[in-house]
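As structure tokens, the structure follows; a few thoughts come after it.
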There are 2 protein chains.
Amino acid sequence: MVSLDDIRLAQRRLSGVAVRTPLILCPRHQADRRLYFKPENLQPVGAFKLRGAYNKIASLSEAERRRGVIAFSSGNHAQGVAYAARALGVRAVIVMPETAPRVKVSRTAAMGAEIVLLGEGGEEQWRVRAEELAAAHGYVMVAPFNDETVIAGQGTVGLEILEDLLGAGTVLVPVGGGGLLSGVAAAIKLSRPDVRVIGVEPELANDAQVSFRSGRIVEFPLDQTRRTVADGMRATRLGDITFAHIRAFADDIITVSEDEIREATRRLALGAHLVAEPSGAVTFAAFLFHRQELPEALWNVAILSGGNIAPETLRQILTDDPV
Amino acid sequence: MVSLDDIRLAQRRLSGVAVRTPLILCPRHQADRRLYFKPENLQPVGAFKLRGAYNKIASLSEAERRRGVIAFSSGNHAQGVAYAARALGVRAVIVMPETAPRVKVSRTAAMGAEIVLLGEGGEEQWRVRAEELAAAHGYVMVAPFNDETVIAGQGTVGLEILEDLLGAGTVLVPVGGGGLLSGVAAAIKLSRPDVRVIGVEPELANDAQVSFRSGRIVEFPLDQTRRTVADGMRATRLGDITFAHIRAFADDIITVSEDEIREATRRLALGAHLVAEPSGAVTFAAFLFHRQELPEALWNVAILSGGNIAPETLRQILTDDPV
């Protein structure tokens, strides 16, 4: 399990690399229920993933760094690894599905990574292919979430929230593979056990909620999870390491509907002037539409995990009727 | 003329009211030419206008505050005055043209201001009507830009930039009526005369540039200025006070095309994940497309003055082909 010292070490490594994103007050808040956004969409790669990837690569030996790193990702993890590897002068190979959003593929390539595009398949096939490449070339695998060093990097988001908002009562965290929730929940509960940490995921991909509540990792078919507009949350199962952290540190996991995600994304763009990808907006959706399921708190924080939305998706969401 | 002490007093008044917006590094910057955004679109009213309006109303006597304030505005100034007046417990009447963006009218009303909507006309007619109402009811007029106390409030943006970025070389400022440029240029030149302050306006509404270069205030017909997509910049002339400040403190004013404004708005949304209104994005357009006209600097700042864009305008801009 990740310790507070691990997360503090990650924070020192990330100083001057990741943006120390500010807390931004939600413009139209209620006096008795205030909300801050933690806008990780303002990171250089448009998502928090840079934190874990950089912490992992910075922890490698000189010999490992010389061989290079490899990752498999349909999106933001790819950009995080590519950015971190370039910053540290390390070669990066990224295995991506052909179905990944075009904008994410091209931006990853633009950061100097070598891209290996694979046809249809699931996480398992991509992981196997990445592992074959890693074995053949001696690359170090940078896992997207199921790795303690990656989790410690994501946990720096939690430390920053505690430093910037002493009165934080509830912190809402998006859940895909669970790396961000694992790290943030560990950082917060190991420092301030009174602060509530709630994971949020789409109804259509609520494998983490089912796993959390049943006490064992439940896997969903990719055909189900890929139906959500939250394309960063189509991971079909938690890892054993993220599951252990979430069981130990998270207070609950709740779900939001597709309409709620779209409406939250719309309001973020037009009201708060922040572009979030749907996966990044699930926490605001939970704040807006699921008050009864959340602990009451004067000061709430919604982590916006990323902003890499396809232009056509954003355009469609702006066309939606307000909920 | 506004003094540095005036701006520092405004800064103390605004503490805890206006958001101290962070400088955000432009994600894809060149090593020899870096850019920070000063995102005033993240203010509670979605624009910097809150600063000047609040500073003005906070400077009034008790007797004046009891009578209330009035303003005429097609947009962000209206919201700034309404928000500031509510924060100070002062009644606000806002005179707006019927042609103002719907979203700006409804948000101003939602802040508790009384709205007086007027039919077609120009700034001059609205000002006259507002002055009639002010005289009849004893309201204090809060001018949108041509007022030293308002200018001092906007100048706090400049102080914050200097505090946060010691190495700032060039600061780009949108110009409508000139209040923001007046305040920012005064704040910067009275502290750090080596830092360049450049105004940016649309080619279609470049009355400030023509005035600056000819040495006298030139007025444009509203039929011309209203053609720009930058609806916050349709003011047809500088005021005598803003003109005097801009002559004294600004280094230059340059212009950008409509296509450049749209492209900058698009890239801000999709690349930097910040929603700016076209008027707010002119500075990024200047940075992207007018390098030759700008002083060379390692560290540049583009003030994004606001984010209150109509959903249909943003949607259309997302449909544009990349430039």
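Tell me whether segment A:208-228 contains one or more residues that are modelled with pLDDT of 95 or more and either touching a Cys at 6+ places or on another chain (Cβ under 7 Å) or closer than 18 Å to residue A:305 by Cβ (or both). Looking through segment A:208-228, at least one residue is modelled with pLDDT of 95 or more and either touching a Cys at 6+ places or on another chain (Cβ under 7 Å) or closer than 18 Å to residue A:305 by Cβ (or both). Taking segment A:218-257 as the range and being out of contact with any helix residue (DSSP H, G or I) (no Cβ under 8 Å at 6 or more places or on another chain) and either free of Cβ contacts under 8 Å to residues at least 24 places away in the same chain or over 30 Å from residue A:194 (Cβ atoms) (or both) as the test, the residues that pass are A:221, A:223, A:226.
Tell me yes or no: at least one residue of segment A:43-64 is within 14 Å of chain B (Cβ to nearest Cβ), part of a strand (DSSP E or B) and not aliphatic (A, V, I, L, M). Looking through segment A:43-64, none of the residues is within 14 Å of chain B (Cβ to nearest Cβ), part of a strand (DSSP E or B) and not aliphatic (A, V, I, L, M). Residues of segment B:178-214 that are under 17 Å from residue B:1 (Cβ atoms) and either assigned to a loop (DSSP other than H, G, I, E, B) or not hydrophobic (A, V, I, L, M, F, W, C) (or both): B:178, B:179, B:182, B:183, B:189, B:190, B:191, B:193. May I ask you to say which residue of A:170, A:149, A:156 is under 17 Å from residue A:243 (Cα atoms) and touching a Lys or Arg at 6+ places or on another chain (Cβ under 6 Å)? Answer to the selection: A:149. Quick check on residue A:208: is it crowded, with 20+ Cβ neighbours inside 10 Å and farther than 22 Å from residue A:58 by Cβ? It is true that residue A:208 is crowded, with 20+ Cβ neighbours inside 10 Å and farther than 22 Å from residue A:58 by Cβ. Annotation: of all residues in segment B:294-310 being surrounded by fewer than 24 Cβ atoms within 10 Å (Cβ to Cβ) and either over 26 Å from residue B:153 (Cα atoms) or out of contact with any Ser or Thr (no Cβ under 9 Å at 6 or more places or on another chain) (or both), the one that is farthest from the other protein chains (Cβ to nearest Cβ) is B:295.
Table: residues versus (1) more than 14 Å from chain A (Cβ to nearest Cβ); (2) in a helix (DSSP H, G or I).
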{"site": "B:219", "(1), (2)": "yes, no"}
{"site": "B:235", "(1), (2)": "yes, no"}
{"site": "B:248", "(1), (2)": "yes, yes"}
{"site": "B:266", "(1), (2)": "no, yes"}
{"site": "B:276", "(1), (2)": "no, no"}
{"site": "B:281", "(1), (2)": "no, yes"}
{"site": "B:286", "(1), (2)": "yes, yes"}
{"site": "B:292", "(1), (2)": "yes, yes"}
{"site": "B:312", "(1), (2)": "no, yes"}
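Condition check ((1) among the hydrophobic types (A, V, I, L, M, F, W, C); (2) under 21 Å from residue B:153 (Cα atoms)) across all residues:
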residue: B:67; (1), (2): no, no
residue: B:76; (1), (2): no, yes
residue: B:80; (1), (2): no, yes
residue: B:85; (1), (2): yes, yes
residue: B:94; (1), (2): yes, yes
residue: B:100; (1), (2): yes, no
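Checking each residue in segment B:159-177 for being outside any loop (DSSP other than H, G, I, E, B) and either crowded, with 24+ Cβ neighbours inside 10 Å or touching a residue at least 24 places away in the same chain (Cβ under 8 Å) (or both) picks out B:159, B:160, B:161, B:162, B:164, B:170, B:171, B:172, B:173, B:174.
Being over 30 Å from residue A:171 (Cα atoms) and in a helix (DSSP H, G or I) holds for only one residue in A:8, A:86, and it is A:86.
Taken as a whole, the condition of being assigned by TED's automatic domain parsing to the domain that holds residue A:235, surrounded by 24 or more Cβ atoms within 10 Å (Cβ to Cβ) and under 28 Å from residue A:159 (Cα atoms) applies to residue A:37.
Consider segment B:40-68. How many of its residues are buried (at least 24 other Cβ atoms within 10 Å of the Cβ) and among the hydroxyl-bearing types (Ser, Thr, Tyr)? Total meeting the criteria: 1.
Of these, A:74, A:106, which one is in a loop (DSSP other than H, G, I, E, B) and over 30 Å from residue A:5 (Cβ atoms)? Criteria check complete, one pass: A:74.
Tallying residues that are within 19 Å of the chain's Cα centre (by Cα) and either exposed (fewer than 15 other Cβ atoms within 10 Å of the Cβ) or of a type in the set (A, V, I, L, M, F, W, C) (or both) within segment A:103-125 yields 2.
Scoring residue A:85 on the criteria (1) more than 30 Å from residue A:8 (Cβ to Cβ); (2) crowded, with 21+ Cβ neighbours inside 10 Å leaves a single failure, condition (1). Do the conditions hold for residue B:231, that is, is it over 15 Å from the mean Cα position of the chain (by Cα) and either more than 14 Å from chain A (Cβ to nearest Cβ) or over 21 Å from residue B:156 (Cα atoms) (or both)? Criteria not met by residue B:231. Here segment B:13-38 is the region considered, the condition is being within 11 Å of chain A (Cβ to nearest Cβ), of a type in the set (A, V, I, L, M) and not in a loop (DSSP other than H, G, I, E, B), and the residue that is nearest to residue A:26 (Cα to Cα) is B:24.
The values are calculated or read from the model by the stated rules, or taken from the named source; none is laboratory data. If you're wondering where the values come from, they're calculated on a predicted model, not measured in any experiment. Don't worry about glycine lacking a Cβ; one is built from the backbone with ideal geometry, like all the others, and counts go over all protein chains shown.
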